[in-house]
Amino acid sequence: MVKKFAKYYKPHIGLFVLDMVCAFIISMTDLVYPMVTRKFMNEIIPNKQIELIFKFGVGLLVLYIIRMILEYIVGYYGHLLGIRMEYDMRKEVFSHIQKLPISFFDNTKIGKIMSRIVNDLNEISELAHHGPEDLFISIVMLSGSFLLLLTINIKLTLITFSIVPFMILFTMLYNSKMRSNFRKMRESLADVNASLEDSISGIRVVKSFTNEEYEEEKFDYGNETFKVIRGQSFKYLGTFHGGINFFTNIATLIALVAGGYFVATNQIQNGDLVAYLIYINQFLQPIRKLANFVEQYQKGMAGFKRFDELMEIEPDIKDKEDAVEIEKIKGRVTFQNVTFSYDDKNEVLSDVNLQVNQGETVAIVGPSGAGKSTLCNLIPRFYEIDGGSIKIDDVDIKDLKLHNLRGNIGVVQQDVFLFSGTVKENILYGKLDATNEELISAAKAANAHNFIMELPDGYDTYIGERGVKLSGGQKQRISIARMFLKNPPILILDEATSSLDNQSEAVIQSSINELAKNRTTFIIAHRLATVKSAKRIIVLTDNGIEEEGTHIELMEKKGVYYGLYNSQFE
């Protein structure tokens, strides 16, 4: 895990080296001061060397000015290093998420994904900067102080350092406790975020059912869990830092008592004791730094481990090494013995065979749960089939680059998703580099231009979260305008008008008919009245494709379609 974390330093190795070099020089300046003090106390002051006093004073002043500059570099550029690494990780994980299949999002709460991208990486910046720096400075200061203390008095140093093994044992004990606790805290925070996102996204449903109190109770359960775990973490931290401070104070006490005894028995001089006590203080500083490092490491690595777990999820739908692109897809779609299941157990589709020619429009109808939407979702490879093949222009879709495949397929759904932004931004999502003329032309083709111009700011009108400020029909027309702009040769209309009133449906249907011209079009319909005029209707049931024909032909058969149609109009 540390090796994986370390690779993120590579693009910023210059900043890392600068930070470490400056930190090293700062550590060296700390080791100089006690030796100067010792010389003052033992030689310069007793011998009344006034000139040397001022020379040493000027020398130390220059040293402190240099130290101030170095501390600025460490404080600014060191944190800049951490910020850039956090940015890289967040960018990488967001890019990785874009490649994950729809099935991942079907099974993972959005709030938990957001928690991993935002909250889990919050501590990374501090760990990336202070982790190596604190560890490096501590090693330099500990080894440097220890060696210099040995030059003053070996016996006193060994007595003082007898406390160190107990400190190491104590740190190891609480290290494991904190690691487990910080991991639980991250998971608990993700649950809180998921609950929060779920409740806010469905706020209209919450209010319509007057279930605010229930939502508060549901949220408070996760919040309470997080509170308890976070409280436990501070309990461990409090005990840990208190214990470390206790051991460092004991070390100072030992040095003071033993050093006082050695001075009284003329084994060391007064200046030696003063220098020794200063070095002891400097020796204890890196121990405190190490204690802080342990805390930072556990916090940061708890988040990084969850980040790494997400990065380890391999997208099961990706380009083959020899995947190709078709420059101009015509749109003939062929299903050959296609079998599919969501859980590898219960088959939703079994041995489905279907051919839709270029520019042909087919309507797919059937009872709920028969797999109508699933069948169409397999064409852009939102899900991977278990068996058989799907071909476009006689090329297996698995042999096509995903970008090429999906770039030639347009999907208009019943549940229209609009991004928080303006009308213009949402239509341009179909073709990001479209001209203003292309934008307006697409809106007119979708029968959306007139209502857009009546909005407060026309195409620049802010439509709210998921287009909440627009009616269902208006949102659907914007999504169709977006599709006109994309201009794909293959079109999938998934219950595109089923949630609209009759007047809106008539307008949308007109737009859809225009959109479907000269495109291979799949129309998934629940309301059979909307597909009566279709030249080809596919009836899909749990047994696969059971019937096929025009409305009149299927009614004459008096089979599945006949029963579905009559049940809707009884």
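The rows are residues; the columns are (1) acidic (Asp, Glu); (2) buried (at least 16 other Cβ atoms within 10 Å of the Cβ); (3) under 50 Å from the mean Cα position of the chain (by Cα); (4) not in a helix (DSSP H, G or I).
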site	(1), (2), (3), (4)
LEU237	no, yes, yes, no
PHE246	no, no, yes, no
VAL257	no, no, no, no
TYR261	no, no, no, no
ASN266	no, no, no, yes
ASP272	yes, yes, no, no
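Listed here are the residues, each with its yes/no results for (1) crowded, with 16+ Cβ neighbours inside 10 Å; (2) out of contact with any His (no Cβ under 6 Å at 6 or more places or on another chain).
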{"residue": "TYR77", "(1), (2)": "yes, yes"}
{"residue": "LEU81", "(1), (2)": "yes, no"}
{"residue": "MET85", "(1), (2)": "yes, yes"}
{"residue": "LYS91", "(1), (2)": "no, yes"}
{"residue": "ILE102", "(1), (2)": "no, yes"}
{"residue": "THR108", "(1), (2)": "yes, yes"}
{"residue": "LYS112", "(1), (2)": "yes, yes"}
Inset, instruction - For region 118-127, state whether one or more residues are over 19 Å from GLN296 (Cβ atoms), outside any loop (DSSP other than H, G, I, E, B) and in contact (Cβ under 8 Å) with a residue 40 or more places away in the chain. - result: no
Inset, instruction - Tally the residues that are assigned to a helix (DSSP H, G or I), at pLDDT below 75 and exposed (fewer than 15 other Cβ atoms within 10 Å of the Cβ), restricting the search to region 181-217. - result: 7
Inset, instruction - Scan region 135-163 and report the pairs whose first residue is in the same structural domain as TYR276 (by TED's automatic domain parsing) and whose second residue is among the polar types (S, T, N, Q) and part of a helix (DSSP H, G or I), with Cβ atoms within less than 6 Å and a gap of 6+ or a chain change. - result: ILE137/SER27; VAL140/SER27; MET141/SER27; SER145/GLN282; LEU149/THR157; LEU150/THR157
Inset, instruction - Could you check SER162 against (1) surrounded by 18 or more Cβ atoms within 10 Å (Cβ to Cβ); (2) more than 24 Å from ALA6 (Cα to Cα) and say which number it fails? - result: (1)
Inset, instruction - Might you check whether a residue that is among the hydrophobic types (A, V, I, L, M, F, W, C), at pLDDT 90 or above and either more than 28 Å from the chain's Cα centre (by Cα) or assigned to a loop (DSSP other than H, G, I, E, B) (or both) occurs anywhere in region 453-467? - result: yes
Legend entry - Residue in region 144-159 that is assigned to a helix (DSSP H, G or I), surrounded by fewer than 16 Cβ atoms within 10 Å (Cβ to Cβ) and small (Gly, Ala, Ser) present: no
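With the requirement that a residue be of a type in the set (Val, Ile, Thr), in a loop (DSSP other than H, G, I, E, B) and more than 23 Å from ASN487 (Cα to Cα), what does region 307-356 give you?
Once the filter is applied, which keeps residues that are of a type in the set (Val, Ile, Thr), in a loop (DSSP other than H, G, I, E, B) and more than 23 Å from ASN487 (Cα to Cα), region 307-356 yields ILE313, ILE317.
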Inset, instruction - Answer with yes or no whether THR530 is closer than 21 Å to GLY331 by Cα, buried (at least 19 other Cβ atoms within 10 Å of the Cβ) and assigned by TED's automatic domain parsing to the domain that holds ARG406. - result: no
Inset, instruction - List the number of the failed condition for PHE240; all other conditions in (1) of a type outside the set (Val, Ile, Thr); (2) under 21 Å from LYS184 (Cα atoms); (3) modelled with pLDDT of 80 or more hold. - result: (3)
Legend entry - Count of region 357-399 residues which are touching a residue at least 40 places away in the same chain (Cβ under 8 Å), more than 19 Å from ASN487 (Cα to Cα) and part of a strand (DSSP E or B): 9
Inset, instruction - Among residues belonging to region 17-33 that are over 10 Å from VAL74 (Cα atoms) and hydrophobic (A, V, I, L, M, F, W, C), point out the one that is modelled with the highest pLDDT. - result: VAL17
Legend entry - Out of GLY131, GLY59, sole residue that is more than 24 Å from the chain's Cα centre (by Cα) and assigned by TED's automatic domain parsing to the domain that holds LEU15: GLY59
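The values are calculated or read from the model by the stated rules, or taken from the named source; none is laboratory data. Keep in mind that this is a model prediction, so the values were computed, not measured. Virtual Cβ from ideal backbone geometry, glycine too; neighbours counted across all protein chains shown.
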